1. Can you find a residue that is modelled with pLDDT of 95 or more and outside any loop (DSSP other than H, G, I, E, B) anywhere in region 361-374?
2. Would you pick out the residues in region 430-457 that are modelled with pLDDT of 95 or more, assigned to a helix (DSSP H, G or I), crowded, with 17+ Cβ neighbours inside 10 Å and of a type in the set (D, E, K, R)?
3. Just give me the residues in region 438-461 being touching a Gly at 6+ places or on another chain (Cβ under 7 Å) and closer than 17 Å to residue 152 by Cα, in sequence order.
4. What is the number of the single condition among (1) over 27 Å from residue 100 (Cα atoms); (2) among the aromatic types (Phe, Trp, Tyr); (3) part of a loop (DSSP other than H, G, I, E, B) that residue 422 does not meet?
5. Do we have any residue at all in region 369-379 that's in contact with an Asp or Glu (Cβ under 8 Å, 6 or more places away or on another chain) and either within 15 Å of residue 213 (Cα to Cα) or β-branched (Val, Ile, Thr) (or both)?
6. Return the pairs, sorted by first residue and then second, in which the second residue is of a type in the set (Ser, Thr, Tyr) and modelled with pLDDT of 90 or more, the first residue lies in region 271-288 and is part of a helix (DSSP H, G or I), the beta carbons are less than 8 Å apart, and the residues are 6+ apart or on different chains.
7. Given the options 348, 402, 427, name the one that is at pLDDT 95 or above, touching a Phe, Trp or Tyr at 6+ places or on another chain (Cβ under 9 Å), not in a loop (DSSP other than H, G, I, E, B) and not small (Gly, Ala, Ser).
8. What single numbered condition from (1) assigned to a strand (DSSP E or B); (2) modelled with pLDDT of 95 or more; (3) surrounded by fewer than 20 Cβ atoms within 10 Å (Cβ to Cβ) fails to hold for residue 387?
Amino acid sequence: MTPDIAPSYAARVARLQAQYAALPPGAPVRLGKRTSNLFRTRADTGAPRLDVAAFTGVLDVDLARGTADVLGMTTYEELVDALLPHGVMPRVVPQLKTITLGGAVTGLGIESTSFRNGTPHESVVEMDVLTGDGRLTTCSREVEPALFSGFPNSYGTLGYALRLRIEVEPVRPYVHLRHVRVDGTAGAAALFAEVARTREHDGEPVDFVDGTWFAEDEVYVTLGAWADAAPALSDYTGQRIYYRSIQERQGDRGGQDWLTVRDYLWRWDTDWFWCSRALGVQRPGVRRWVPRRYLRSDVWWRLVAFEKRHRWKTRWDLRRGGQPQEEVVQDVEVPVDRLADFMAVFAREVPIAPVWFCPLQQRSADDHWDLYPLDPSVLYVNVGFWSSVGLEPGEADGTHNRLLEDLVADLGGHKSLYSTSYYEEARFWELYGGGTYERLKKAYDPDGRLLDLYAKCVGRR
C-alpha cells in the first residue's frame, strides 16, 4: 500500500472497529452489503448491520510485482473495470459481477482459469481481517499463517477481509472460443484431463476451459484462448443468449466464437447462466422490452429473493395443483475420474439441466486450506446446478440435497456452502475441518461474537 493511501485506509478501519465495538454484547453481527450471492435463507434479526460501504475500490496496482491492493467489499465487476485499463485481471474471476473479492475468499470462487489458477484465495498474497475479537489482523503465508490458511470457507465466522493483496495476470484484447461437442460426460472428463495436463488441444493453446451438460448425449467443452485479433465479435449482453450459442455455433460455424475479454468474463452474468429463463426473460417477446442495464445477475437474484420472502408464485402454483418443489441450488467438486459416476446418479435422480462443468486444480502442493482441503495432485470438476425438483408424496424437503451431499462425499468430493446444507453436525465437522476451526475460533473470536460455521451454513442463522 502506498504511503499516501495508508492514512485514509487506517481511518476507515478505525471507524469500522468503533461500529463493531458499539454493538451490544450478544447482538448478531452482519454486514450491510449492497449485494449478496448466497442462497441460504437466513432469519432477519432486525439488528443494525455494519456499514462497510467505505471498503470498496482498488487502492494500488503494482504491475512490476503483478499484484493489486483491493478493499474487501469491491465487486468483481468493479475490480475488473479498474484492472483492465492496466492490462491485467485477477487470476480467477468468478462468473457473477456482484460477487465481492472478500466474499470469494471467505467463501469460494471458481471460473474457467481454475484448471491452472485454482480458486481466488490461492492468489491472495496477504490480507487484513477484522477478526471476531475486534482486532485488525494482517495475515499471509508467513504472518499469522493459521488465520490465512483457515480463512477460506469460513464465511465470515472468523472475521471480515477488509483489504487483500492479490496476484494479477496479463490479458489480451480478445478470447477465441471453441465449443467442442464430446462423447457424453466421460468425453468431457477426458478432455478436461488432457487440457489440464497439456494446456492445449489439437495443437492450439488453451487458457480457459469449462463445459455445459444439456443431456448425457449432448455435452460440450468450451476451450478459450487469448487472441490479439478477432474476425468477428459476438455480444451476449442484450438479445442474444450465451448458453444457447454453444449449441447454435456448431455446424458451419465450427463451434467457434470471439468475445472481448470483458464480455468473456461476464458471459454467464447476463442470464445468470441460464437461470433467467425461470423468470420468462429469455422469451423474445419479453426480452426485447427489458432494458440492457437490467439484464444482469443481481437483478435476477433480487427477483428470486422477493419470491422467497413472499412466496406468491409458490402459493399460486400449489393452488393450481402443482407439486411442492425442493430447491436444488449447489456447486460441488468431484475428482475428474468420478465425474461420470456423479452424473449417472444425478441424471437419474435430479432432473435438472443444463449443468455447468468447470475443472479446477490447486496451484501449489505447499498450500493447505484447512476448511476446504483439496488434494493438489487431483484435478476436480466443479458441477453447478441451480433449479428446483418436484417432491413426490412422502418426500421431505431436502431429500435430493441430502442424496447429493452423501454422493459427493462417497466420491471423494466437496460441496460449497453458499447454499442450503443438511449435514448432521458431527458429519459436517468431519468434512469441514472441525478441529482446526475450533482452534481458530478460540484464537480470533474467543467470545463467540460471530456465529460458528455450522450455525450459519446449516442452521441458517
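The values are calculated or read from the model by the stated rules, or taken from the named source; none is laboratory data. Values in this document were obtained by computation on a predicted structure and should not be read as measured data. Neighbour counts are summed over all protein chains in view; Cβ atoms, including those assigned to glycine, are modelled from backbone coordinates with ideal geometry.
1. no
2. Matches in region 430-457: 441 only.
3. 440, 444, 445, 450
4. (1)
5. no
6. Listed by first residue and then by second, the contacts come to 275/387; 276/270; 278/387.
7. Of the residues listed, the single one that is at pLDDT 95 or above, touching a Phe, Trp or Tyr at 6+ places or on another chain (Cβ under 9 Å), not in a loop (DSSP other than H, G, I, E, B) and not small (Gly, Ala, Ser) is 402.
8. (2)
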